[in-house]
Amino acid sequence: MKTIFLGIALVCSVVAHTQFTKANLQASGLTCALCSNAINKSLQKLSFVVTVKPDIKNSSFDIVFREGNEVSIDELKNAVENAGFSVASLKITGNFENIPLQKDGYAKIGNQAFYFLNASGESLRGEKTITIVGKNFMTANTFKKYGDKLKSASSSSGKFDNAANALHVYHAIVS
Amino acid sequence: MKILKTYFLISCLALVTMSARSQAIPNITDSRLDFSLPDIKGDSLRLSTMKGRVFLLDFWASWCGPCRYSNKNLVKLYDRYKTKGFEILSVSLDDNKKEWKKAVSKDKITWLQINDSGGWEARSAAKWQVDAIPASFLIDKSGNVVAINAEKKELENKIRELLGL
């Protein structure tokens, strides 16, 4: 009986954990990204991806993640690049369990760490969508706009890297 | 030793026939390539019934920009050769039939139009191994594929040749 309760408690705690549930990904390349099956096939090979559907209105892909699996942002990017395209925008939605966001602070989600460029002492709670900021996650023009913000951020993210045993730190904004 | 030699010869022969099979010219009457799909009115059209006509089998979708651009060329091409025996059969992979119909009228498409909803999972696309659109196959009177994704000029030359112009 005890084990059953323990089991239930364990399941509950897993469910309550912060989990990325879905993403919207825009890809760019020399040809129309939606008109080729390449990205679709490449993303579907990832173990943590359940479905990939074209979002025709926004010329992007709606990706649903497998529950309980760690979502690797780098693997998403690599899948798109292996298909011959690059990521033009990556918005990831997750259910967050009260992750504190301090100015110049970081959040660790699973095995990945995030530095939020627009953090202001709030916490991430409930369903939120974050946009990944980085050279390999947006168009060159959009990336330029973040130039100064990233410069000041990257000096501090280096410190965090050491402290957190060289976790991969992604810059992001919460929308 | 002799047995070994025979084995070697047999396996060589098998290899040659296998590769010859895979290089066989695809024909629309082959059941692996044939399909039947509804047109705008809902009447179904079977690909193999097109045998005997020179036509272009064209895969596209309303949301595919390059396909819409290609439609402009196809409209001109169709106007030039439709009375001389040339036909086009377009297969749209649109899930949204409304968008498909809208695109057909907007692009002024008057040739044969059928719909296979399901995007890349559409059976017709899978049968023809279509992995990117637009994708086109020029078919001769005997139902054989004679050109795949031919460029504008090359396509027109081929059509003229097949029509004996």
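The alpha carbon centroids of the stretch A:53-99 and the stretch B:76-131 are separated by 31 Å. Using just its DSSP H runs of length 4 or more, each adding -39500 (n - 2.57), chain B gives a mean residue ellipticity at 222 nm of -12500 deg cm²/dmol after division by all residues.
Listed from fewest to most Cβ neighbours within 10 Å, the set B:Leu162, A:Leu43 follows the order B:Leu162, A:Leu43.
Here is the P(r) of chain B: all C-alpha pair distances, binned every 5 Å from 0, give 2, 8, 17, 20, 18, 13, 7, 4, 4, 3, 3, 2, 1, 0, 0 in whole percents. Once the Cα atoms of helix B:97-106 and of chain B are each reduced to a long axis, what angle between those two axes, in degrees from 0 to 90 to the nearest 10, is obtained? Value to nearest ten degrees: 70.
All of the numbers you see were taken from the coordinates with simple rules; none came from a lab. Values in this document were obtained by computation on a predicted structure and should not be read as measured data. Neighbour counts run over all protein chains shown; Cβ positions are idealised from the backbone, glycine included.
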